[in-house]
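Asker: Shown below is the structure under consideration.
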Amino acid sequence: MPDLLLELRSEEIPARMQRKAAGDLRKMLTDGLVEAGLTYEAAREYWTPRRLTLDIRGLTARSKDINEEIKGPSTSAPEQAVQGFLRKAGLSSIAEAHVHSDPKKGDFYVAHISKPGRAAEQIIAELVPGIIRNFPWPKSMRWGPASAKPGSLRWVRPLQSILCTFGPETEEPVVIDFEIDGIRSGNITYGHRFHAPDAITVRRFDDYVSKLEAAKVVLDADRRKEIILADARNLAFANGLDLVEDEGLLEEVSGLVEWPVVLMGEFEEAFLAIPAEVIRLTIRANQKCFVTRPQGVDDALSNRFILTANIEARDGGKEIAHGNGKVVRARLSDALYFWTTDQGDLPDLAELEASAEKFGLDLKKPLDQRMARLDHLGVTFHAKLGTQGERVERIKRLAEELAPIVGADPALARRAAVLAKADLTTEVVGEFPELQGAMGRKYALLQGEHASVAAAAEEHYKPQGPSDRVSSDPVSITVALADKLDTLVGFWAIDEKPTGSKDPYALRRAALGVVRILVENDIRLALAAIVGKASDLLSFFHDRLKVYLRDQGARHDLIDAVITPQSDDLLQIVRRVEALGAFLDTEDGKNLLAGTKRAANILAAEEKKKTAVAETVEPALFRADTEKSLFAAVNQAEKQAGEAIQNDDFSGALLALSVLREPVDSFFEHVLVNDEDQAVRANRLALLARIRAATGQVADFSRIAG
């Protein structure tokens with residue numbers, strides 16, 4: 001079967017857009033081919049800074065002939081229905097339809113559709129121009145003289161050539177001919193801009209890849225990443241260093257070069273006085289370079305950095321490395337200025353005394369000065385939620401309340417909450433916002449703060465995603481909870497809640513952070529007292545907890561069985577789910593589940609029919625020994641389970657309930673619940689209600705599958 005090769009070559013595509021664009025091209029073209037009646041065996045996309053490539057294998061050479069009947073309305077149907085049928089069937093008039101008869105329904109219209117199959121070349125030639133014109137680039141541009149015309153081609157960067165060949169391995173492939181805005185498809189591509197700028201004639205994918213490689217273009221982005229990473233590690237090792245690896249930077253750099261050449265540059269050792277994070281971000285953001293560290297040392301950097309060039313220079317890359325070094329030195333000079341400035345006094349100290357008094361700040365300390373300035377300047381947090389200073393005051397009060405629950409020193413929690421946002425006004429964070437928190441920690445340690453206070457400045461933002469770690473320091477936990485809970489309660493109060501996929505204030509992340517902090521640190525916290533009247537915020541926490549538990553492998557039905565609208569202790573919910581899951585894996589658990597579900601289903605059915613259910617169980621109405629045995633067992637199980645729950649022993653509670661297994665089975669084997677005597681029936685239903693109530697102390701068994 002034939003293979004299709006498509007390449008769209010342009011000026012440099014921004015690295016951040018390449019991977020998605022290649023995936024979009026594959027999806028758009030394969031979807032279009034399938035919709036047109038073709039099938040294929042495999043499809044893979046490739047990308048470099050200057051090209052998007054698609055390799056489709058085993059594509060059928062022709063679509064199938066179509067012969068089908070489309071049933072239409074009755075011949076007596078109104079004109080509107082007839083016109084709808086014509087549009088659906090693609091007929092120009094009702095005269096093109098046939099009339100069929102049905103003994104019961106009478107005469108009705110039928111369209112006999114017959115479409116001969118089409119050659120794949122024809123289908124592709126129609127599809128690709130439309131895909132190019134409607135490609136979903138985040139940003140695109142027009143260029144050249146044609147750009148002045150309405151409807152002219154838009155592309156992320158000027159499109160230069162289109163390669164499109166099609167054919168089986170055993171034959172010479174053909175060029176699928178089409179044209180878009182003066183660019184005609186062909187079998188020509190071009191290699192590296194500098195090393196191999198001449199035209200290359202291509203037949204199919206295999207020789208396309210090999211010819212590009214010979215022309216200094218590595219087509220596979222993942223292979224470019226492997227080359228860069230391996231060469232960078234080896235170059236660092238050869239110089240007695242370790243590479244500080246960075247997956248995000250590696251992805252970006254692989255999208256900047258077609259022929260990766262790894263080089264080493266350097267800067268003056270005096271710049272190593274700057275914190276490692278600042279050096280790394282300065283070099284990363286401005287020059288897209290990797291930093292290195294002495295071998296075996298984790299907390300310090302070396303004055304060498306690794307860069308990735310796109311050419312093999314005649315001098316071995318010395319001039320390229322030197323040029324990058326000059327730029328790095330200039331950027332590090334700026335960073336050194338920011339770093340030293342942040343440790344000095346602010347020029348407006350006299351204006352900060354009121355704010356310092358409000359928060360108990362010491363204006364002899366640089367970080368305290370920055371917090372005072374944050375309050376003094378009235379920096380807005382949100383138009384409806386006040387300033388950053390007002391927010392810090394709220395976080396401080398909440399942290400003081402939470403500290404005893406978490407087990408943190410209230411004085412340290414208060415101090416940490418006051419300083420947590422202070423680095424927002426530092427020069428380094430102004431230049432590198434991603435260092436927010438990390439710089440707060442460094443500056444706090446420099447001015448002699450308690451280690452827990454310094455840690456909280458950084459860790460109160462955590463966790464910032466499912467893979468981010470959760471702090472175990474009580475002070476960090478306290479401030480993190482206060483920060484996230486203040487955010488959630490505040491935005492709920494002004495009715496700025498997440499809707500659909502929109503969550504501009506990252507409230508889902510904040511709620512999931514609260515869930516992870518509480519659960520992973522075994523903290524019992526009654527959220528109802530904090531969320532107040534915002535009951536739907538409690539429901540929001542439940543939704544995040546469900547996501548968390550499902551990611552941990554918990555069964556969704558067990559989660560639903562445990563959570564009630566009033567459940568506000570997230571750790572308790574987790575413990576109940578864990579205990580319930582373990583119990584239901586036992587034979588006793590499975591049997592008790594079957595019996596209690598049967599009881600719950602009978603009771604629910606009778607309640608729906610408004611059958612009378614006695615308010616209490618009356619032993620005098622028992623007619624069978626199994627009723628007496630079940631009643632005694634329920635009384636015992638309910639009492640023991642309740643006591644276990646009071647001690648948060650959910651496994652013990654379920655063990656107490658497990659004694660119901662045999663009496664419940666025996667009851668249903670020997671007793672008919674719907675007795676003819678109305679009083680007996682109501683009493684037996686009341687007994688089932690007691691079973692439901694007893695087991696309901698742990699979970700709603702009716703929600704559990706099985």
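The values are calculated or read from the model by the stated rules, or taken from the named source; none is laboratory data. Please read these numbers as outputs of a predicted model, since none were measured by experiment. In this analysis, Cβ positions are derived from the backbone assuming ideal geometry, glycine residues included, and neighbour counts consider all displayed protein chains. These accessible areas exclude ligands, DNA and RNA; they are computed on the full protein's heavy atoms, side chains included. Shrake-Rupley method; radii C 1.70, N 1.55, O 1.52, S 1.80 Å.
Asker: Could you tell me the relative contact order of segment 31-87? Use alpha-carbon pairs under 8 Å, at least six residues apart, and round to a whole percent.
Answerer: Values: 45 pairs, mean separation 15.2, N = 57.
Here the relative contact order equals 27 percent.
Asker: Using θ = phi - 60° and the Karplus form 6.51 cos²θ - 1.76 cosθ + 1.60, what ³J(HN,Hα) does each residue of segment 571-576 get, whole Hz, x for Gly and Pro?
Answerer: Each residue of segment 571-576 in turn: 5, 5, 4, 4, 5, 5 Hz.
Asker: Please tell me which of these pairs span more than 21 angstrom C-alpha to C-alpha: K71/K115; K20/K64; K211/K318; K71/K104?
Answerer: Values: K71/K115 17 Å; K20/K64 32 Å; K211/K318 29 Å; K71/K104 16 Å.
Too far apart for the 21 Å limit: K20/K64; K211/K318.
Asker: Multiply the residue gap between I180 and E269 by 0.36 nm, knock off their C-alpha separation, and tell me the result in nm, one decimal place.
Answerer: Working: separation 89, 0.36 × 89 = 32.04 nm, distance 5.52 nm.
So the extension gain works out to 26.5 nm.
Asker: How much of the accessible area of the chain, probe 1.4 Å, is carbon plus sulfur, in whole percent? Don't jump to the answer; show the numbers that get you there.
Answerer: On the way: 16690 of 33820 Å².
So the carbon and sulfur contribution to the accessible surface is 49 percent.
Asker: I'd like to compare 355-365, 47-57: which one has the highest average count of other Cβ atoms within 10 Å, and what's the full order after that?
Answerer: Values: 355-365: 16.2, 47-57: 22.8.
Sorting 355-365, 47-57 by mean packing, highest first, produces 47-57, 355-365.
Asker: Let me ask something additional. Just want to confirm a number: the relative contact order over segment 122-191, from Cα pairs under 8 angstrom separated by 6+ residues, in percent. Write down the numbers at each step before the final one.
Answerer: On the way: 83 pairs, mean separation 20.2, N = 70.
Relative contact order of segment 122-191: 29 percent.
Asker: With charges set only on the Cβ (+1 for Lys and Arg, -1 for Asp and Glu), what does the dipole of segment 300-350 come to about its Cα centre, in debye to the nearest 20?
Answerer: On the way: 6 positive and 7 negative charges, 76 e Å.
Dipole about the Cα centre, nearest 20: 360 debye.
Asker: Also, quick follow-up: Per residue of segment 661-670, in order, report the coupling 6.51 cos²θ - 1.76 cosθ + 1.60 (Karplus, θ = phi - 60°) as ³J(HN,Hα) in whole Hz, putting x for Gly and Pro.
Answerer: 3, 5, x, 5, 4, 5, 4, 5, 6, 10
Asker: Run the helix sum for the chain: -39,500 (n - 2.57) per DSSP H stretch of 4+ residues, divided by residue count, reported at 222 nm to the nearest 500 deg cm²/dmol.
Answerer: Numbers: 26 runs with 347 residues, N = 706.
That calculation yields -15500 deg cm²/dmol at 222 nm.
Asker: List, in the order given, every pair from K462/K546; K139/K484; K442/K462 whose Cα-Cα distance in the structure shown is over 25 Å.
Answerer: K139/K484
Asker: For H322 and K115 in one chain, what is 0.36 nm times their gap in residues minus the Cα-Cα distance, to one decimal in nm?
Answerer: Working: separation 207, 0.36 × 207 = 74.52 nm, distance 6.64 nm.
My answer for the length gained is 67.9 nm.
Asker: Right, next: Once a ≥ b ≥ c are taken as the square roots of the eigenvalues of the Cα gyration tensor of segment 236-358, is the result rounded (a/c under 1.5), prolate (a/b larger than b/c) or oblate (a/b not larger than b/c)?
Answerer: Working: a/c = 2.47, a/b = 2.26, b/c = 1.09.
Cα axes put segment 236-358 in the prolate bin.
Asker: When a/c reaches 1.5 or more, the comparison of a/b and b/c decides; with that in mind, is segment 141-198 rounded, prolate or oblate per its Cα gyration tensor? Mind showing how you got there, number by number?
Answerer: Values: a/c = 3.52, a/b = 1.53, b/c = 2.29.
Because a/c hits 1.5 or more and a/b fails to exceed b/c, segment 141-198 counts as oblate.
Asker: Quick one: accessible area per residue over the chain, 1.4 Å probe, rounded to a whole number of Å²?
Answerer: Dividing the accessible area of the chain by its residue count gives 48 Å².
Asker: Round to the nearest 0.05 the FRET efficiency obtained for T586 and K608 when R0 = 35 Å and r is the Cβ-Cβ distance. Before the final figure, lay out the partial values.
Answerer: On the way: r = 32 Å, r/R0 = 0.92.
Calculated value: 0.65.
Asker: Could you grab the relative contact order for the chain? Cα pairs under 8 Å, six or more apart, rounded to a whole percent. Don't jump to the answer; show the numbers that get you there.
Answerer: Values: 1134 pairs, mean separation 48.4, N = 706.
About 7 percent, as a whole number.
Asker: Suppose R0 equals 41 Å; then what is the FRET efficiency for D242 and D495 from their Cβ-Cβ distance, rounded to the nearest 0.05?
Answerer: Details: r = 51 Å, r/R0 = 1.25.
Calculated value: 0.20.
Asker: In addition: Shape verdict for the chain, please, from the Cα gyration tensor: rounded (a/c under 1.5), prolate (a/b greater than b/c) or oblate. Before the final figure, lay out the partial values.
Answerer: Values: a/c = 2.34, a/b = 1.14, b/c = 2.06.
Judged from the Cα gyration tensor, the chain comes out oblate (a/c at least 1.5, b/c at or above a/b).
Asker: Excluding residues on the same chain fewer than 8 positions from K608, give the lysines whose Cα lies under 22 Å from its Cα.
Answerer: K597
Asker: Scan segment 195-270 for GluC sites (Glu not before Pro) in coil per DSSP, keeping those whose Cβ has at most 15 other Cβ atoms within 10 Å, and list them by number.
Answerer: On the way: sites: E213, E226, E245, E247, E251, E252, E258, E266, E268, E269; in loops: E245, E258, E268.
Answer in residue order: E245, E268.
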